[in-house]
Amino acid sequence: MMKAAVLAILGTATILLAGCAYSLGDARPSMMRGIQTLAVPTSQNTTLEPNVEGMLADTIVKQLQTDGTYSINYERNADATLYTTLVTVNRRPARSVRGNVLATSEFELQTTVEYEVMENSTGKELMKGTVTGLTSFFVTADLQTDEQQALPLAFSDAAVKLASRLGEGF
């Protein structure tokens, strides 16, 4: 009787675990399967934020290296090139000061980055899209400095989403 119960539990567990959809192998999007190396040139910037192009590109490179799906190389040696453009940087109130709803104590910072992956050998567009990065920061005496310190965190969030999109397709 005990043996039958154990077999029933093992059989049920096997059936349930077999449907988990975990698979080994390449998880890249189909259009990126032949790509092993990426080049990431300095980002473009259509916002009024000064001198952030290099910071954005550097953050994306670091995240792609951490992800490990693609190797980073110079454009002449890479299979494809990832072009990025910082499109928007928006700051909006997230929390007001207690007792004064007109004053803000915390802001939310959102960055929007457009990307395009071009195959170097053919010039064919492989992927194109938009990712957003989001972070929050508290207000101190210098709002400008607070926002500048939060910007790398928003870039990092966008870079994580971009690496996921390039490496896994979502």
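Values quoted throughout were computed directly from the atomic coordinates according to the rules given, and no laboratory measurement underlies them. Please read all numbers here as calculations on a predicted model, not as lab measurements. Neighbour counts run over all protein chains shown; Cβ positions are idealised from the backbone, glycine included.
Remarks
- Our estimate of slack between Val87 and Thr145, defined as 0.36 nm per intervening residue step minus the Cα-Cα distance, is 18.8 nm.
- Cα long-axis angle, helix 53-67 against the chain (0 to 90 degrees, to the nearest 10): 20 degrees
- Counting only aspartates and glutamates at least 8 places from Lys128 when in the same chain, those with an alpha carbon closer than 13 Å to its own are Glu114, Glu116, Glu119.
- Gaussian network model of the chain, Cα within-10 Å springs - most flexible of Val131, Val40, Val97: Val97
- 3J(HN,Hα) couplings calculated from phi for the range 27-32 with the Karplus curve 6.51 cos²θ - 1.76 cosθ + 1.60 (θ = phi - 60°) are, in sequence order, 10, 5, x, 4, 6, 9 Hz; Gly and Pro show x.
- Dmax and Rg, reported as Rg then Dmax, of the chain (C-alpha, Å): 22.2, 74
- Between Ser71 and Thr47, the distance separating the two model label sites (each 7 Å from Cα on the Cα→Cβ line) works out to 3.4 nm.
- Mean-square fluctuations from a GNM of the chain, with a 10 angstrom spring cutoff on Cα atoms, peak among Thr47, Thr88, Thr140 at Thr140.
- Shown here: the range 31-119, whose C-alpha atoms stretch 58, 25, 21 Å along the first, second and third principal axes, sorted largest to smallest.
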